[in-house]
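Engineer: Pasting a structure below so you can have a look.
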Amino acid sequence: MPSKIVQPSTCNLQRDIPSQSHPIGVFDSGIGGLTVVAALQHLLPHENILYVGDTARVPYGGKSAETITHYSQEIIDLLLRRSCKMIVIACNTASAVAVPTLKNFYKIPLQGVIEPGAAAAAKATRSGKIGVIGTKATITRNAYSETLHALDPKLKVISQACPLLVPAIEEGWIEDEITDSILHRYLDPMLSQNIDTLVLGCTHYPLLKKRIAAIVGAHIALVDSAENCATQVELLLSEKNLATSSKDNGTLHIILTDRSESFLHLAEKRLHLHADSFETISLH
Ligand code: DGL
C-alpha cells in the first residue's frame, strides 16, 4: 500500500449515520466532475450535491498513484465530515488509480466512473474497435482496456494519453484553435485505426465534445461516463435505501481548494450549472 495512505480508523469520519436527506458527495481535480454533476441533477433532481474541485492541485493526470490516492482520500474524508451519504469519484484518474485501494477503506458507497464509461462504450461499438483518450495515469493504468476486456475479451482497444487537454480546459480554451491543434495531434493517429467508438475517458473532455465530434466525424460514437454513472448512483441509493424522499429541487454546493477565475464561469456558461452556494477551503 502506498506510504502516504493512512488506513483509517478514520474510515468512518461521518458525523452521523448516513441518511436519505444527506447530500451526495462528488469530486474531481477541477471542473471536469461537473459533467457528472449535470447528469446527476438531470436524473436525480431532488438530491442535494456537495462538489469538491481540487483546483489547488489540478491536474491529477501526471501525478503518481500514491499522490492521487492521498489527494482522493483527503477529499473523501472532507466529504464524510460534511455528512455525505455516498461518494461519486467523478474523476477517471482517481477512479482508475485510487478506487481499488480506497474501496477497502470506506464503508460508505463509492462510485467511480470507469465501469460506467466502459459499459457505455461496449454497448455503443458495432465493429468492436474502441478508442480511449484519458490522462497519463488513466491510460498507463490500463483502466479502460482491462474493464472493456472483462466485458468482452474480443474488443480491440486503442488508447491515447492526452496530458495537454485538462490544462487547456481549466484555462477555458474550449473553442480555441490551439486546443483544436492539440486534439488533432492526439486524435489523428487513432483515426487511421478505424475505431467506431471513442471513450472520453476524462470527465473534463465532454466540455470539448463539439470540437472532438468535428474532428473525428459523425461515424464515430463519442461516449462518456456521466449518464451511466448517474444511473449507477440511482441504483446504489435505492439498494442502500438512501434516496431522498424530498420533492424540493436539490441544491448544489461547490467547494474549491483554491480560487479559480474560470471555474464558476465555465460551470454556468458551458454546463448551465448554477451553484447555490460556494466556498474556498484549504485542505491543509
Ligand atoms: N477530470 C479528471 C479525470 O477524469 C482529472 C484530470 C486531471 O486532473 O488530470 O481524469
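Rule-based calculations on the coordinates, nothing more; no lab input. Predicted, not measured: the structure shown is a model, and the values here were computed from it. For neighbour counting, all protein chains shown are included, and Cβ atoms are generated from backbone atoms with ideal geometry for every residue, glycine included.
Engineer: Using the number of other C-beta atoms within 10 angstrom as an exposure proxy, rank THR135, THR280, THR35 with the fewest first.
Structural biologist: With the fewest neighbours first, THR135, THR280, THR35 line up as THR280, THR35, THR135.
Engineer: Using a 10 Å cut-off around each Cβ, can you sort VAL233, VAL113 from fewest to most neighbouring Cβ atoms?
Structural biologist: VAL233, VAL113
Engineer: For the chain, set up a GNM with springs between Cα atoms under 10 Å and report which of PRO189, PRO18, PRO100 has the largest fluctuation.
Structural biologist: PRO189
Engineer: Contour minus end-to-end for ILE215 and LEU283, with contour as 0.36 nm per residue of separation and end-to-end as the Cα-Cα distance?
Structural biologist: 20.6 nm
Engineer: For GLU239 paired with SER181, estimate the spin-label separation in nm (one decimal), with each label point 7 Å from Cα along the Cα-to-Cβ line.
Structural biologist: Here the modelled spin labels are 4.7 nm apart.
Engineer: Additional query: Counting each DSSP H run of 4 or more residues in the chain as -39500 (n - 2.57), what helix-only mean residue ellipticity at 222 nm follows after dividing by all residues, to the nearest 500 deg cm²/dmol?
Structural biologist: Rounded to the nearest 500, the figure is -11500 deg cm²/dmol.
Engineer: Separate question: Testing the spin-label approximation: label points 7 Å from Cα along Cα→Cβ at GLU268 and LYS123. State their distance in nm.
Structural biologist: Taking the two extended label points, one gets 3.4 nm.
Engineer: With 31 Å as the limit, write out which pairs from LYS103/LYS154; LYS63/LYS240; LYS129/LYS269; LYS63/LYS85 have Cα-Cα distances beyond it, or answer none.
Structural biologist: LYS63/LYS240; LYS129/LYS269
Engineer: How many angstrom lie between the C-alpha centres of the range 41-118 and the range 187-211?
Structural biologist: Each part reduced to its Cα centre gives a spacing of 23 Å.
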